[in-house]
Amino acid sequence: MTETAPVISVRDLVVEYGRGEKKVRALDGISFNVMPGECVGFIGANGAGKTTTIKVLMGFIFPRKGDVRVFGERAGTVASRRRIGYLPEVALYYPFMKARELLELYGGLSGLSRGNLKEGIPPLLEKVGLVGKSEILLKNYSKGMQQRLGIAQAIIADPEALIFDELSSGLDPIGRFDLRAVLLNLKRRGRTIFFSSHELTEVEALCDRVIIIHKGRIVTEATVGELKKPLNLFEVVFSLPEGAVLPTVVAQYKLVEEGNLQRIEFNNVEEYCRAVSALASAGAVIHHTSSRTRTLEEYFIGLVESIEGVGDK
């Protein structure tokens, strides 16, 4: 595999569950790449196909069609999984194990020596916020503590790539902050990270690129910077005197009638400035202007509503 080859390559992936009339297509021909050193967020509503995609990447389920490769190897092979740290959506561990014992097990399976594990486990637990918890039975761990431990087992062997399903599930705000610090450090060290999440603020803070999936199809794929461009909203509320003609530069945008007033929104400051100038030249009275930045959550909700045909954002 060359340096410029993708770490994850998904081509025309189709996954179906069930048979006959009960057959459901969970993934409908999706394609995407994740390049070395990238942090990519995979977001979508429940049932969109996020977990199914990740299970295919790990080799837990097999596609009906498509080609999926990890580090150039077919997904699910020993060669592909050897270089991945993985955290499932729900991590279930033997309740009568201690955290230290669990990490020794996972580290040993990854080829780490007893000496490396003895030296490396205490700082690793400290890094994920579990300092002093190494000898506690896992049955006494909260959901958030189990999630922190799951992150520790995923990174114990310092893998080249990390695949997390519902990254911050069960974590409180402090836990999410600690996790963000861990992942940012991994990014700085050039590790490739691919994760699904419902926490869109997390995606904004961590990701280079975002893939949005809806009902088994990818609907948007863009860098965080590209996604943020249309999140800026500039609003103008104006009225036209009788007989005045709406300028052409403004007429191409959607106008919202509010009594005798009209409201229009723009996504970038250049369009906004041109519109205000044209309205002023046409004799319009500008009653109000404002600007704000939508969150990625607002953008996502609006995108889904537009696809479903239940909204008009």
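The values are calculated or read from the model by the stated rules, or taken from the named source; none is laboratory data. Just so you know, these numbers come straight off a predicted model, no measurement behind them. For neighbour counting, all protein chains shown are included, and Cβ atoms are generated from backbone atoms with ideal geometry for every residue, glycine included.
Brief remarks follow.
- Members of the range 47-62 that are under 22 Å from the mean Cα position of the chain (by Cα), without any contact (Cβ under 8 Å) to a residue 60 or more places away in the chain and outside any helix (DSSP H, G or I): Gly59, Phe60, Ile61
- Taken as a whole, the condition of being touching a Gly at 6+ places or on another chain (Cβ under 9 Å) and surrounded by 13 or more Cβ atoms within 10 Å (Cβ to Cβ) does not apply to Glu298.
- Residue that is under 20 Å from the mean Cα position of the chain (by Cα), surrounded by fewer than 22 Cβ atoms within 10 Å (Cβ to Cβ) and either without any contact (Cβ under 8 Å) to a residue 40 or more places away in the chain or in a loop (DSSP other than H, G, I, E, B) (or both), where the choices are Leu167, Leu186: Leu186
- Residue that is surrounded by the most Cβ atoms within 10 Å (Cβ to Cβ), among those in the range 204-235 that are in contact (Cβ under 8 Å) with a residue 12 or more places away in the chain and of a type in the set (Gly, Ala, Ser): Gly216
- Counted residues, the range 62-96 - those being buried (at least 20 other Cβ atoms within 10 Å of the Cβ) and small (Gly, Ala, Ser): 3
- For the range 283-297, filtered to residues that are modelled with pLDDT under 85 and either within 23 Å of Glu258 (Cα to Cα) or of a type in the set (Val, Ile, Thr) (or both), the residue that is nearest to the chain's Cα centre (by Cα) is Thr295.
- Candidates Lys50, Lys98, Lys65, Lys23 - the one that is assigned by TED's automatic domain parsing to the domain that holds Gly150 and closer than 30 Å to Arg188 by Cα: Lys50
- Residue match in the range 177-184 (condition: of a type in the set (Val, Ile, Thr), touching a Lys or Arg at 6+ places or on another chain (Cβ under 7 Å) and within 20 Å of Leu124 (Cβ to Cβ)): yes
- The set of residues from the range 230-248 being among the hydrophobic types (A, V, I, L, M, F, W, C) and either touching a Cys at 6+ places or on another chain (Cβ under 6 Å) or part of a loop (DSSP other than H, G, I, E, B) (or both) comprises Leu240, Ala244, Val245, Leu246.
- Of all residues in the range 142-164, those satisfying the criterion of being of a type outside the set (A, V, I, L, M, F, W, C) and not in a helix (DSSP H, G or I) are Ser142, Asp158, Pro159, Glu160.
- Residue in the range 236-244 that is crowded, with 19+ Cβ neighbours inside 10 Å and either touching a helix residue (DSSP H, G or I) at 6+ places or on another chain (Cβ under 9 Å) or closer than 30 Å to Pro95 by Cβ (or both) present: yes
- Residue match in the range 212-220 (condition: assigned to a strand (DSSP E or B), of a type in the set (A, V, I, L, M, F, W, C), touching an Asp or Glu at 6+ places or on another chain (Cβ under 7 Å) and over 17 Å from Ile54 (Cβ atoms)): no
- Of all residues in the range 4-20, those satisfying the criterion of being of a type outside the set (D, E, K, R), loosely packed, with under 14 Cβ neighbours inside 10 Å and either farther than 14 Å from Ile61 by Cα or not assigned by TED's automatic domain parsing to the domain that holds Phe195 (or both) are Thr4, Ala5, Gly20.
One line per residue, one yes/no per condition, for (1) modelled with pLDDT of 90 or more; (2) closer than 30 Å to Ile151 by Cα; (3) assigned to a helix (DSSP H, G or I):
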position	(1), (2), (3)
Arg176	no, yes, yes
Phe194	yes, yes, no
Lys228	no, yes, yes
Val250	no, no, yes
Lys254	no, no, no
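- Residues in the range 95-141 that are among the hydroxyl-bearing types (Ser, Thr, Tyr), assigned to a loop (DSSP other than H, G, I, E, B) and touching a residue at least 40 places away in the same chain (Cβ under 8 Å): Ser110, Tyr141.
Conditions (1) more than 21 Å from Leu105 (Cβ to Cβ); (2) of a type outside the set (Val, Ile, Thr), marked per residue:
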position: Leu138; (1), (2): no, yes
position: Met145; (1), (2): no, yes
position: Ile151; (1), (2): no, no
position: Asn185; (1), (2): yes, yes
position: Phe194; (1), (2): yes, yes
position: His198; (1), (2): yes, yes
position: Ala205; (1), (2): yes, yes
position: Val210; (1), (2): yes, no
